[in-house]
Amino acid sequence: MADVFTRAQRSAVMALIRSRGNRATELRLIALMREHGISGWRRNAKVFGKPDFVFRAEKLAVFVDGCFWHGCPRHATQPVNRAEWWAAKLARNAQRDRAVTRSLRALGWRVLRVWECALVRSRAARTVGRITRALMARRAVGN
Ligand SMILES: [Zn+2]
């Protein structure tokens, strides 16, 4: 079937899809933060490494990392097809995540990485606690 988009439109659409690959998990974290009265965050802030959520006043960056793409130690799976290609790809992702975290910290940001699986009901309170503690720590020192 012919693509309904021109080549330029297609690449814009794909960029949008990629940048929102995490959407369901981000929405889940938004719901949790609202439920616990955590406010002051922004999405799509122009901050290095494109954090999923930015608390600018506290200079806290939060990433929600998908278990597969970012290599969660509990749920990372190794695809069987094109195994080597995937291993290299996922290793690059993990490497990039570490580099982004390091760079942001060097710029004075506090960085939290939240696994997709840490948003499930049974682990949600602990995850919210991590965010709350990070915010309080930043407020205490007046960053
Ligand atoms: Zn996981």
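The numbers here are math on the coordinates, done by the rules we state, and not lab data. All of these numbers come straight from a predicted model, not from anything done at the bench. Cβ placement follows ideal geometry from the backbone for every residue including glycine, while neighbour counts extend to all protein chains displayed.
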Contour excess over end-to-end distance, with Cα ends at Ala106 and Phe68 and 0.36 nm allotted per residue:
11.0 nm
Surrounding charge for Ala134, neighbours by C-beta under 9 angstrom, Lys/Arg +1, Asp/Glu -1, total +3
Assuming 0.36 nm per residue, please report the length gained on full extension of the stretch Arg34 to Val120 beyond their Cα-Cα distance.
29.4 nm
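So, by mean Cβ neighbours within 10 angstrom, what's the order for 123-136, 56-69, 82-95 with the highest one leading?
Values: 123-136: 15.0, 56-69: 18.9, 82-95: 11.9.
With the highest mean Cβ count within 10 Å placed first, the list reads 56-69, 123-136, 82-95.
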